[in-house]
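Notes follow the structure.
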Amino acid sequence: MSPALISLICAVGNAVGFAGHLFMPPCWLRSPQKTRVFGRWTFLTNQSNAILVCYHALRFAAPAHALARRAYPLAFALGVGLTLLYYGLDHFVAAKRAEDRLWVARGFVWIPVACHVEHGLALPLALLDARYGGHAGESTGGDVVVLVGGFAAFYLLGTLLNKKLTGLWLYPISDELEKALGPAGFWVLSIPVTVTYVTLGFVGRHVAG
């Protein structure tokens, strides 16, 4: 398969993942206080899927563009990280599962499927792109640090800002860590997540050859 075809497949696949939120309760209904400032863009899932759609669409339409060539480590990290972190830190949390059951009982019966669509497609698409996307030699270690590290810092600062403005953490695991560890709970979670994303950026470059 040609890199152009891979980019098109990934763009469409990530667009399907992004559209998964349409089958979830709208954020203004499910989490009105948590999302009153940034709306759906409060969520890492929506940010990641949107960036992935834009990246792969750019790579399909203008493969010579600087971002199309050098942002691959960010795309790989976001794709793999979205799936791994969701299933590792959110999907099986008791509070999250209880909330899902509550909304299913209210008529949003597609929540279980939508959760998998939003988060589960990203990993196989990232691996497909890494294997056949033709990224060898296009990015540098500096791109990983700047783009992946920069995005991680941007999201963490946005999370802290949202907490300050709304008084609430977005994800149940953050509440659990804060109860157990106090203010340090945020950093106990954030530092490993940041390291994971940057590491995934370097892994992506290695996998791409």
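The values are calculated or read from the model by the stated rules, or taken from the named source; none is laboratory data. Just so we're clear, the structure is a prediction, and the values are computed from it rather than from any experiment. Positions of Cβ are generated from backbone atoms using ideal geometry, with glycine treated the same way; all protein chains shown enter the neighbour counts. With ligands, DNA and RNA removed, areas are computed over all heavy atoms of the protein, side chains included. Shrake-Rupley method; radii C 1.70, N 1.55, O 1.52, S 1.80 Å.
Give me the accessible area per residue for the chain, probe 1.4 Å, as a whole number in Å². Present the calculation step by step, with values, prior to reporting the outcome.
On the way: 10320 Å² over 209 residues.
Counting only protein heavy atoms, the per-residue value for the chain is 49 Å².
Can you tell me how the stretch 18-85 classifies by the Cα gyration tensor, rounded, prolate or oblate, using a/c under 1.5 as the rounded cut?
Values: a/c = 2.66, a/b = 2.28, b/c = 1.17.
In terms of gyration-tensor shape, prolate.
By a straight-distance test (C-alpha under 17 Å), which aspartates and glutamates pair with residue 96 as possible cross-link partners, with residues fewer than eight away in the same chain excluded?
118, 175, 176, 178
Find out how many positive minus negative residues lie around residue 162, taking Lys and Arg as positive, Asp and Glu as negative, among other residues whose Cβ is under 14 Å from that of residue 162.
After counting each charged neighbour, the total is +4.
Determine ³J(HN,Hα), in whole Hz, for all residues of the stretch 167-180 in sequence, where each value follows from phi through the Karplus function 6.51 cos²θ - 1.76 cosθ + 1.60 and θ = phi - 60°; x replaces Gly and Pro.
These are the phi-based 3J(HN,Hα) values: x, 10, 7, 7, 10, x, 5, 5, 5, 5, 5, 5, 5, 7 Hz.
So which chymotrypsin sites (Phe, Trp or Tyr not before Pro) in the stretch 33-95 end up in coil per DSSP with only 12 or fewer other C-beta atoms within 10 Å? The partial results should precede the final answer.
On the way: sites: 38, 41, 43, 55, 60, 76, 86, 87, 92; in loops: 38, 43, 92.
Filter output for the stretch 33-95: 92.
Using a 1.4 Å probe over the heavy atoms of the protein chains, calculate the carbon and sulfur portion of the accessible area of the stretch 15-168 as a whole percent.
Carbon with sulfur: 72 percent of the solvent-accessible area.
Run through the stretch 90-181 and list the trypsin sites (Lys or Arg not before Pro) located in a DSSP loop whose Cβ has at most 13 other Cβ atoms within 10 Å. Provide the component values of the computation, followed by the final result.
On the way: sites: 96, 97, 101, 106, 131, 163, 164, 179; in loops: 106.
Those that pass, being in a loop and sparsely packed, are 106.
So what is the calculated 222 nm ellipticity per residue for the chain, using -39500 (n - 2.57) for each DSSP H run with n of 4 or more, over all residues, to the nearest 500 deg cm²/dmol?
-22500 deg cm²/dmol
In whole Hz, with x marking every Gly and Pro, tabulate ³J(HN,Hα) for the stretch 133-140 from phi via Karplus 6.51 cos²θ - 1.76 cosθ + 1.60, θ = phi - 60°.
Per residue, the Karplus-derived 3J(HN,Hα) values read x, x, 9, 4, x, 7, 10, 10 Hz.
Between the stretch 123-154 and the stretch 47-75, what is the C-alpha centre distance in whole Å?
Spelled out, the Cα-based centre of one part sits 9 Å from the other.
Ranked from the most accessible area to the least, with a 1.4 Å probe and all protein chains present, what is the order of 51, 191, 173, 111?
Of 51, 191, 173, 111, the descending order of accessible area is 191, 51, 173, 111.
Report ³J(HN,Hα) in whole Hz for each residue of the stretch 72-79, in order, from the Karplus equation J = 6.51 cos²θ - 1.76 cosθ + 1.60 where θ = phi - 60°; Gly and Pro get x.
4, x, 5, 4, 5, 5, 5, x
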